[in-house]
Amino acid sequence: MVLIKERENETPVIDFGELDGENRSKTMSLLDHACDKWGFFMVDNHGIDKELMEKVKKMINSHYEEHLKEKFYQSEMVKALSEGKTSDADWESSFFIWHKPTSNICEIPNISEELSTTMDEYVSQLHKFAERLSKLMCENLGLDQEDIMNAFSGSKGPAFGTKVAKYPECPRPELMRGLREHTDAGGIILLLQDEQVPGLEFMKDGKWVPIPPSKNNTIFVNTGDQVEILSNGRYKSVVHRVMTVKHGSRLSIATFYNPAGDAVISPSPKLLYPRGYRFQDYLKLYSTTKFGDKGSRLQTMKKIENRDSA
């Protein structure tokens with residue numbers, strides 16, 4: 001059964017396993033609803049090797065314990081908090097890995113060869129999923145399937161990178177944010193997160209919605225500012241934050257499918273209303289198409305507009 005949860009404060013969950021069966025149309029509708037009304041959702045049966053996902057989480061946690069934890073708790077931010085002082089810093093230990101168009105994973109301090117190889121395998125599968133998801137979004141928006149991919153490409157193809165973060169136990173969670181309120185600057189964000197420790201929250205209808213830990217290695221998806229621009233405001237980026245907790249260290253592996261640095265971003269022309277026309281020209285067309293499809297009439301006006309401006 002295709003599943004989407006519409007109950008208050010429950011994140012939509014979409015089963016991608018239904019996309020190849022008789023429920024495809026319904027699943028596509030549910031995906032469009034999640035992108036349009038929520039801006040974030042969970043994906044199950046995404047096709048990514050779940051054993052590989054478990055391995056990635058285990059190795060990242062070990063890397064943090066061995067190489068980052070002690071340094072974090074010795075930082076000035078932690079010392080200041082112990083004295084009841086706060087700052088604009090975020091209570092996180094993180095690093096960023098670029099995958100495409102070029103990789104910097106070999107430059108990350110203390111990254112083992114096994115972790116590097118495991119991340120490469122995971123990201124390769126995740127990249128295919130990101131492209132598949134972008135095509136589905138385009139289909140729902142009425143665009144050509146590869147419009148988002150092409151818009152993101154620039155001269156070297158879309159950018160693909162991962163922010164690896166741990167949000168450590170915080171002795172004074174009421175005084176610090178794990179990550180302050182923001183929207184994501186990029187395109188499509190794919191999050192592999194902790195299965196036990198909460199903290200992520202998204203804004204919906206003026207209220208903060210707690211995002212539960214991810215069970216069974218579902219992928220959490222949210223859309224960034226560039227998708228909002230490309231979709232002409234239909235798929236909006238959503239404000240979110242990470243809260244600190246007193247017990248438990250939260251893992252976050254957020255991979256960003258973003259435009260290339262030299263990509264030129266603008267609303268898709270197919271989603272823009274016609275503009276700059278004379279009303280009498282519209283009325284002339286309307287007189288012969290009044291009982292026809294409005295969308296076709298608007299498309300005709302855009303063609304007239306483009307012809308006149310040529």
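Values in this text are rule-based calculations from the coordinates and carry no lab data. Model, not experiment: these values are computed from the prediction. All Cβ positions, glycine included, derive from the backbone under ideal geometry; neighbour counts span all protein chains shown.
At-a-glance table
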read-out: In segment 8-94, trypsin sites (Lys or Arg not before Pro) in a DSSP loop with at most 12 other beta-carbon atoms within 10 Å; value: 85
read-out: For segment 130-259, alpha-carbon Rg over 2.2 N^0.38 Å; value: 1.13
read-out: Neighbour cut-off at most 10 other Cβ (10 Å), DSSP loop, chymotrypsin sites (Phe, Trp or Tyr not before Pro), segment 240-298; value: 291
read-out: Charge dipole of segment 193-310 about the Cα centre (unit charges at C-beta), most positive-ward option of 273, 199, 229; value: 273
read-out: Pairwise FRET efficiency - residue 112 versus residue 36, Cβ, R0 = 25 Å, nearest 0.05; value: 0.05
read-out: Inter-label distance, nm, simple model (7 Å from Cα along the C-beta direction), residue 10/residue 266; value: 4.4 nm
read-out: Normalised contact order of the chain, rounded percent, pairs of Cα under 8 Å and 6 or more residues apart; value: 20 percent
read-out: In order through segment 25-30: 3J(HN,Hα) via Karplus (6.51 cos²θ - 1.76 cosθ + 1.60), integer Hz, x for Gly, Pro; value: 4, 5, 5, 4, 5, 5
read-out: Segment 174-246: GluC sites (Glu not before Pro) in DSSP coil with no more than 12 other Cβ atoms inside 10 Å; value: 174
read-out: Residue pairs, from the table 166/204; 50/236; 128/294; 163/302; 128/215; 156/294, whose Cα atoms sit over 32 Å apart; value: 128/294; 163/302; 156/294
read-out: Two-site label geometry, residue 103 and residue 45: point separation in nm, points 7 Å out along Cα→Cβ; value: 3.2 nm
read-out: Cβ-based charge dipole, the chain, positive-most Cα from 306, 46, 117; value: 306
read-out: Dimensionless Rg/Rh of segment 22-87 - Kirkwood Rh, Rg from C-alpha atoms; value: 1.27
read-out: Net length gained if the chain between residue 70 and residue 83 were fully extended (0.36 nm per residue, minus Cα distance); value: 2.8 nm
read-out: Cα-only Debye scattering, the chain: base-10 log of I(q)/I(0) at q = 0.15, 0.16 Å⁻¹; value: -1.25, -1.38
read-out: Cβ-placed point charges (K, R +1; D, E -1), dipole of the chain about Cα centre in debye, nearest 20; value: 1200 debye
read-out: Structure-based [θ]222 nm, the chain - -39500 (n - 2.57) summed over DSSP H runs of at least 4, per residue, nearest 500; value: -11000 deg cm²/dmol
read-out: Cα gyration tensor shape of segment 1-119, rounded if a/c is under 1.5, else prolate or oblate by comparing a/b with b/c; value: oblate
